[in-house]
Ligand SMILES: *[C@@H]1O[C@H](CO)[C@@H](O)[C@H](O)[C@H]1NC(C)=O
Ligand SMILES: *[C@@H]1O[C@H](CO)[C@@H](O)[C@H](O)[C@H]1NC(C)=O
């Protein structure tokens, strides 16, 4: 299960996705281009998916004695990261609601030693980047197309907050804040998320919680009075992979089927 976790006039929307078909080669709705799904990511059938950057380059960058030596490890191509590379599968999280693409120390080793990383999200109408945390970094989230409703609980004792972000507006989620982004509109939304860590990490909260032992989960949710064991098991099996297609009222407004 993909637990990881993703411009209006200036940036194209993501490649057409045949996300409802998760296993086989299939045709995009309007194009004649065929698509296939590799590691849960829809790419043109003609693509040879890249295994991602070499581990060797990452290791050398980590071990470089200074920044000059490190900088000289990189060339024209290894200093370039294209979020619209339609053959990319490494660092891409995709589902019904859209996709997010991570440029971090794993997917883009040129970041090693530079203290930051970027995720871009291409969120479809009613798409929902489910509640998650970044354990090692704050997130600065700028919407560059469409609208996102952002909602966050930072920690115990801090009031829950929300923001409606429109084009070129931003908010911040402190490190460890449980936050979510939802596209309430019937057009695509695109965001750029900046992190002050090369490896900010991500944990989808609902999936993480559901990984606990059933009796502990049951007790944490208030014991037998609230949720019985069978409910917990049923609930576990229904948790969707990020990015999901939600919320009912938006789906109805935009006339989108739930699955
Ligand atoms: C650039 O660096 C990468 C990684 O070290 C290497 O695989 C690639 O061949 C280099 N490209 C050129 C054009 O030198
Ligand atoms: C956002 O937060 C405000 C203030 O807490 C609250 O009144 C409002 O209902 C929230 N918006 C939504 C859509 O839940």
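The values are calculated or read from the model by the stated rules, or taken from the named source; none is laboratory data. All values derive from a computational prediction rather than experimental measurement. Neighbour counts are summed over all protein chains in view; Cβ atoms, including those assigned to glycine, are modelled from backbone coordinates with ideal geometry.
Okay, here's what the table says:
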| read-out | value |
| --- | --- |
| Filtered residues of the stretch 136-151 (kept if within 14 Å of ligand 2 (Cβ to nearest atom) and under 16 Å from the mean Cα position of the chain (by Cα)) | 148, 149, 150, 151 |
| Among the residues listed as 172, 161, 133, the single one being within 16 Å of ligand 2 (Cβ to nearest atom) and at pLDDT 95 or above | 161 |
| Test result for residue 114, more than 23 Å from residue 89 (Cβ to Cβ), more than 15 Å from ligand 2 (Cβ to nearest atom) and not in a strand (DSSP E or B) | yes |
| Filter result for residue 119 (within 16 Å of ligand 1 (Cβ to nearest atom), at pLDDT 95 or above and within 16 Å of the chain's Cα centre (by Cα)) | no |
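Results for (1) in a loop (DSSP other than H, G, I, E, B); (2) under 23 Å from residue 106 (Cα atoms), shown as yes or no for each residue.
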| position | (1), (2) |
| --- | --- |
| 132 | no, yes |
| 151 | no, no |
| 156 | yes, no |
| 171 | no, no |
| 180 | no, no |
| 200 | yes, yes |
